[in-house]
Structure formats: C-alpha cells, structure tokens
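Shown next, in structure tokens, is the structure this report addresses.
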Amino acid sequence: MSNKDAYWEKTKNHMFVTLALWAFFSLVIFMFGSELNTMSFLGYPLAYYMTAQGSLLAFVIILFWTANKQEKIDEEHGFSERGDD
Amino acid sequence: MFKGDFIKNLPKIYGTYTGGFLVFIILMAIAEQAGVSAKNIGVMFVAFTVLIYAAIGYLSRTINVDAYYVAGRQVPTVFNGMATAADWMSGASFVALAGGVYFGGYTYMAFLVGWTGGYVLVATLMAPYLRKFGCYTVPDFIGTRYGGNLVRACSVFVLFIASFTYVTAQINATGTIASRALGIPFEAGVWVGLISILICSMLGGMRAVTWTQVAQYIVLIIAYLIPVFWISSNVGGGIFPHLMLGDEVARLGELEQQFGLVKNSAADMKAAGVPGGLKYISGSHSGVPEGGMAVWKYLSLAICMMVGTASLPHILMRYFTTPSVRAARKSVAWSLFFIFLLYSSAPMLATLSKLALMDPNLPTGIIGKSISEVQSIEWVQRWSEVKQVFIADFNGDGILQLNEWFMRGDVVVLATPEVAGLPFVISGLVFAGGMAAAMSTADGLVLAISNALSHDIYYKIIDPKADTAKRLLVARVLLVIIGAAGAYIASFRLTSILGSVAWAFDFAMSGLFFPLVLGVWWKRATRQGAIAGIIAGIVSGTLYLTWVFPKFSVPMWGGVNTPFLGIDHLRFGLIGAPICLVVMVVVSLMTKAPSPSVQKMVDDTRIPTGKPILGKQ
C-alpha cells in the first residue's frame, strides 16, 4: 500500500470515529430523552441540559479534537503543511 | 491600512474596535442619564455601527479577483471563525431563537442541536477538501470535479433556490430592525437595510464581507450576552446563568403544572381576534414529550438542519478564505465555538424571561393576575399598540391564564431587558446587535448568489475570455440586482409565500449534500450520476413540499395532505436527499467510471499538501 493510500485509510477511519461521536451526541441520546430526563446534571433535567447546552459543547470539543488528531495523521505521513496560519 | 502587515495587526485592530464599542455603550448610558430620549439612543446605536461597517467595506475595496472571491485566502483561523459565526447567525437567530425556545420548549430545541451539529459534518466531510481544491464557489467545485457546464449550472440552480429563500428573510429582518430603531416605515427600512448591505460588500467582495462580519460578530455577541447576564442577576438567576438555572427550570415545571398547558382551538383564537404570528405557551419547557412519533419529530428536524448546514454554500465558501487546509479545519472548530456562545445563551434567556412572566411570586409576574391589572402595565400597553402582545380572556374569569397570553417570539429578546428593569441603553444595544446579525447573514448570502452567477455562469459558461475588470464589473452588477430583488420581495411583504428559513436547509440538502460529499469520498461518482442526482433530489424535494404544505397543496393537489411518516414542510429534505443519493449512486454505476485524470484530481484533493487543483483563476 502506498503512503497516500495508507494516509487515506487512516483519514477515513478517523472520519468514521468522528461521525460516530457526532451521531451519539446529536441523535442517539435524544432517542432516550424521557429516560435521560429522570436524571439530573447541574440541577437541570439531563435531556433538557443536553439539548440546551451539553451536546452543543460536545460538538465544539469534538471539532477541536478531530482537527488536532487529523494534523497528527498528516504529520505521520509527511502531508503536514508548513505553518502559515 | 489593509496592506502589508494588516493581518498581523488584526488582534490589535479588532481589540481597539471592541474597546471603542464598549466606550460608545458607556457614552450612551451617560447620555440616557442626561436625558437623551430612548428613540435617539436607538438611532445612534444603529447609525454608529452601520457607519463603521460601511467604512470597513470601503477600506476593503479591491480590483483583484482573488481578493474579491476568496479574500486573498489569508484570513486567519480565529477571525474566519468569527466571520463564519456572524455569517451563520441571522437576524432570526438573534431575535427569534430565544422566542422559539420560550414557546416551543424542549421540542423546539432540536433546532439548537441541528444548527450546531452540522458543523461536525462540515469539518469532517467538506471544508478541508474544498479548501484544498482551491475553488472560488461551491458550484466551481462541482463543475470541475464532475466536469461540464450542465452539472455546474444545476448546482448554481440549487444554490440560487436555497440562498434566495434565506436572503429575503434576512433583508426583511434588517428592514424590521431599521424601521423600529430609526422610526421610519418598514418599506423604507428595507431599502436602508439593503444599501447598508451593499456598501459592505460591493466594493470589496469577500474581503470586505469578511472584515465587516468580524466587526458585526463582536457587536452581536456583546449585544446578546450583556443583557442575558444582567437580566439573570436582576431576577435572581445568579451571575452565571448557564450553570445556575437548574432551580429555575424546575420551578417552570411546577408552574406549568399549576397553570396547566392548554391547547387553544383555532376557532377560539380566530373569534378572539388574536393577531397573526403571535404565539402562546402550549408545550413543556424541559419535559420530553412521550411517544415514538415525538422522538422521530425531534430527530428528523435535527437531521435536516445538520445536513442542510453542511450544504449551505454561503457557509462552505467561508472556508475557502483560510491560508491552508489545516487552518480550514481549525477554523470550523472556532466558528462553532463562537456560535456556541450565543446558542447556549438563548435557552437561558428564554428560561429567565418565561419565569419573569410566569412566576406570581416575582414582581414582574403577570400570569394568574387580573387582566385589567396586567393591561395597565406600561410595557404591555406599548407592545400591545404595535400588536406584538395580545390578551384574550377565553374563559371570561378576568384572570390571565397561561393560554390567554399571546406574544410574538421576537418580544422575548426585544422586551425582556425592559421587563426586567434594565436601562434603555441595553435595548438600543440589542437593536444594534439584531441589525449586525441580519446584515452579516444577508451580506454572505447575496455574495454567495452573485459570485456563483458571475463566476460559474458568466465567466465559466458564457464568456471565458472576459478580463478581470469585466468579471468584477459583472460580479458587482449582479450583487446589486440580487440585493434589489430580495429587497423588492421583502418590501412587499411577499415573504410569507417563501415560507420558513428552514426551507433553505432542506433545498440545499436535497440538491447539494451528496454531490459534494461523494465528489470527495467516492471516486466512482460520475458526471451523469451527479446531474441525475441533483435534479432528482431537488425536484422530488420540491414536489413533496408542494404536496405537504397546505398553501401549495390546495391549489396544486386539490386538498390538504397528511405528512408521510411525520415529514412535514420543515423536513422535506428527508425526501429529497435520499432520492438524490440513490439516483446518483445508481446512475454513476451504470455509466463509465471517471477518467484517470479525474481520479487523480480526487486523490490530490484528499491530501493537504501540494498545489491546489484550481489555482488563481
């Protein structure tokens, strides 16, 4: 397998992991809204908290994490751009 | 000023700007104490900020194609994040989001998840690859990747429908705010709004829009957060509402029990003469509605908004302006962070505002009091006069019940500062923020449409030999025409025929999502597949919309139809996008695989280093 193919393989897997996390926080937890709402977080019912704030925050964290991870993959395969940003 | 080390000086420039704006707010507060009328403070807030945007627009003028279309690809990560956040958060987000949560509660908050979660799709599936590609517009990518004028024209068509649906609502919002703040008729307000929008974009294209959007973000976020924190500490919600409103949310649940959530019949509301567009609380604030259908309604709305976000050209094109692929990825994260600051505050504002009106123990509470008493409150009188609030005594007991209080969603943001006893300077600030939000989104949309028409239709299809001066002239003329067309429709209040802003998301996801994703992620996708997919997606989605939306279905299909599987007019992308995917895959597999040169182009798109596919054009 060429370096390019190996790089793309890793990038693809990373994409699937990111989308799995995304699906968990955007869809899966809200399938169980009524159950979650019986628990509480910071005094808020949990499902309410997630839709008002929690999932939004999770997306922000996922995005920073995924960008950093992808940069590491770039570096490993020598596709890292010189710092110009 | 915009030469040389301008980019290095950005933090200093915008830091000074932010400081200057804060000083301006303090000056206005002093002016209010000194007896300047509330109306004049509103005028000064809007006029001052709009003049600054116009100055930035003028200073960013350019005769360079790269600067006009993609801001010279030198916008740093964090600043591009701010610009995207302003581009994204519309007048509707600013004035109506908290109102939506106020009335819709948990069910409505599917929008919050949808309008933020979409950025994960943008970052993983699209933005870095489109940046590497080096295109000027979204149809530029589709046209080059699949090859040919037909597929390019199809994607411009989808972009036009989606963005135009959105832009009239934005110009409408600028008009509303300008007319209220400046005290001029709505029709005049629309044209004032349009001129402000054009000054910010016409001379400098994407470069001017970028730097004004950063300035607009700073104004809008200050204007949103100051009132939220201030109201919260005024009504006893604590100084940091995001972490401290648990008890308030629980209290709202108790009050809902006490007053009861009653659904009014349409006939009752008509008989009482409730003005159009006003709403009442009928859903639980934090309670999750029971049943599989309710869950599906929540999820399907979130899916449409997320996938739609990842297909909206005016957002995607913001990531064409970063210096590198890596910067594009990081920039998506920063965008969402800046959006999060406002979106996570909207439910808190809704909670505070709802509690202020509902809790009989608070001095501001009105529900459960006698109607004559409520009608004598000053702010109720003022907003009743302009038909923004309304009281209907359905049961005739002279006591205001929860279902008898009607209000327009915007009032939550526009009037809560007043209700909670904040000085008028805050209301002036809110006007300036709403104006910034509406203008920044309108700018981005008008530019997305006119760039696609000038670059993809005029330059790439009609006259590929046109020189730079001619191309930029055409781009600017189209910008004015598109803006004027949007303002014309808005000024005649024809916006109701264009329906909801959510439609823009559904149109975009029906016709653009899969052609964009598969263009990068599936080498086997062919031109014929893309053309068939775009057409099938947008046509099926639009037909379904006409079938399910009563205003269209009665004349076209002869009656009102029950939505299929709960897919109503807000969710028609769930019909269009899957059809687009299936047609695109089937047709691609039936046609010859793309040539080796196209396959190599896709390979090059996938790695961050190396030359962009499209260089300077």
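Condition (residue is assigned to a helix (DSSP H, G or I) and more than 21 Å from B:ALA96 (Cα to Cα)) applied to the stretch B:416-429: is it met by at least one residue? Spell out the reasoning first.
If we filter the stretch B:416-429 for residues that are assigned to a helix (DSSP H, G or I), which is where we start, we get B:416-419, B:424-429.
Subset that is more than 21 Å from B:ALA96 (Cα to Cα): none.
No, the stretch B:416-429 contains no residue that is assigned to a helix (DSSP H, G or I) and more than 21 Å from B:ALA96 (Cα to Cα).
Give the number of residues within the stretch B:126-143 that are under 15 Å from B:MET509 (Cβ atoms) and surrounded by fewer than 24 Cβ atoms within 10 Å (Cβ to Cβ).
0
Would you say B:VAL582 is surrounded by 15 or more Cβ atoms within 10 Å (Cβ to Cβ) and closer than 21 Å to B:ALA525 by Cα?
Working: surrounded by 15 or more Cβ atoms within 10 Å (Cβ to Cβ): no; closer than 21 Å to B:ALA525 by Cα: yes.
The answer is no for B:VAL582.
Does the stretch A:15-34 hold any residues that are in contact (Cβ under 8 Å) with a residue 40 or more places away in the chain and buried (at least 23 other Cβ atoms within 10 Å of the Cβ), and which are they?
Selection gives A:TRP22 alone.
Looking only at helices (runs of 4 or more DSSP H) that fall completely inside the stretch B:288-354, which ones have 1 or more residues that are facing chain A (nearest Cβ under 9 Å), of a type in the set (Lys, Arg) and surrounded by 24 or more Cβ atoms within 10 Å (Cβ to Cβ)?
Output list reads B:325-343.
Out of all the residues in the stretch A:1-34, which are over 21 Å from the mean Cα position of the chain (by Cα), more than 9 Å from every other protein chain (Cβ to nearest Cβ) and in a helix (DSSP H, G or I)?
A:ASN3, A:ASP5, A:ALA6
Can you list the helices (runs of 4 or more DSSP H) lying wholly within the stretch B:471-570 that have 2 or more residues being surrounded by 15 or more Cβ atoms within 10 Å (Cβ to Cβ) and within 24 Å of the chain's Cα centre (by Cα)?
Filter on the stretch B:471-570 gives B:495-498, B:502-511, B:513-521, B:527-548.
If you check every pair at least six apart or on different chains, which have Cβ atoms under 6 Å apart with a residue in the stretch A:38-54 that is within 21 Å of A:ALA23 (Cβ to Cβ) first and a residue that is crowded, with 23+ Cβ neighbours inside 10 Å and β-branched (Val, Ile, Thr) second?
A:ALA47/B:VAL288; A:THR51/B:VAL113
What single numbered condition from (1) in contact (Cβ under 8 Å) with a residue 12 or more places away in the chain; (2) over 24 Å from the mean Cα position of the chain (by Cα) fails to hold for B:GLY42?
The single condition B:GLY42 does not satisfy is (2).
Quick grid of which residues meet (1) more than 7 Å from every other protein chain (Cβ to nearest Cβ); (2) touching a strand residue (DSSP E or B) at 6+ places or on another chain (Cβ under 9 Å); (3) in a helix (DSSP H, G or I):
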residue	(1), (2), (3)
A:PHE59	no, no, yes
A:THR66	no, no, yes
A:GLN70	no, no, yes
A:ILE73	yes, no, yes
A:GLY78	yes, no, no
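Go through the residues of the stretch B:248-266 one by one and say whether even a single one is at the interface with another protein chain (Cβ under 9 Å from one of its Cβ atoms), within 30 Å of B:LEU445 (Cα to Cα), assigned to a helix (DSSP H, G or I) and among the hydrophobic types (A, V, I, L, M, F, W, C).
no
Give me the residue from the stretch A:35-57 that is under 18 Å from the mean Cα position of the chain (by Cα) and surrounded by fewer than 22 Cβ atoms within 10 Å (Cβ to Cβ) and, out of that set, farthest from the other protein chains (Cβ to nearest Cβ).
Selected residue: A:GLY54.
On the given criteria, is B:TYR146 farther than 14 Å from B:PRO515 by Cα, surrounded by 24 or more Cβ atoms within 10 Å (Cβ to Cβ) and of a type in the set (Ser, Thr, Tyr)?
It is false that B:TYR146 is farther than 14 Å from B:PRO515 by Cα, surrounded by 24 or more Cβ atoms within 10 Å (Cβ to Cβ) and of a type in the set (Ser, Thr, Tyr).
Which of (1) at pLDDT 85 or above; (2) crowded, with 19+ Cβ neighbours inside 10 Å; (3) part of a helix (DSSP H, G or I) is the odd one out, the single condition B:LEU357 does not satisfy?
(1)
The rows are residues; the columns are (1) at pLDDT below 85; (2) under 19 Å from B:LEU341 (Cα atoms).
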position	(1), (2)
B:LEU10	no, no
B:LEU22	no, yes
B:ALA31	no, no
B:LYS39	yes, no
B:ALA54	no, no
B:ARG61	no, no
B:ASN80	no, yes
B:ALA86	no, yes
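Give me the residue from the stretch A:5-14 that is touching a residue at least 40 places away in the same chain (Cβ under 8 Å) and surrounded by 14 or more Cβ atoms within 10 Å (Cβ to Cβ) and, out of that set, farthest from B:LEU112 (Cα to Cα). I'd like the intermediate steps shown before the answer.
To start, the set of residues in the stretch A:5-14 that are touching a residue at least 40 places away in the same chain (Cβ under 8 Å) comprises A:6-7, A:10-11, A:14.
Now drop any that are not surrounded by 14 or more Cβ atoms within 10 Å (Cβ to Cβ), which leaves A:7, A:10-11, A:14.
Numbers: A:TYR7: 35, A:LYS10: 31, A:THR11: 29, A:HIS14: 26 Å.
Among those residues, the one meeting the criterion is A:TYR7.
I need the full set of residues from the stretch B:215-247 which are modelled with pLDDT of 80 or more, in a loop (DSSP other than H, G, I, E, B) and in contact with a Gly (Cβ under 9 Å, 6 or more places away or on another chain), in order please.
Result: no residue meets the conditions.
Any idea how many residues of the stretch B:160-188 are crowded, with 24+ Cβ neighbours inside 10 Å and modelled with pLDDT of 85 or more?
4
Among the residues of the stretch B:236-247, write down those that are in contact with an Asp or Glu (Cβ under 9 Å, 6 or more places away or on another chain) and crowded, with 17+ Cβ neighbours inside 10 Å.
B:GLY237, B:PRO241
The values are calculated or read from the model by the stated rules, or taken from the named source; none is laboratory data. Just so it is clear, the model here is predicted, and its values are computed rather than measured. Heads up, the Cβs are rebuilt from the backbone with ideal geometry, glycines too, and the neighbour counts pull from every protein chain shown.
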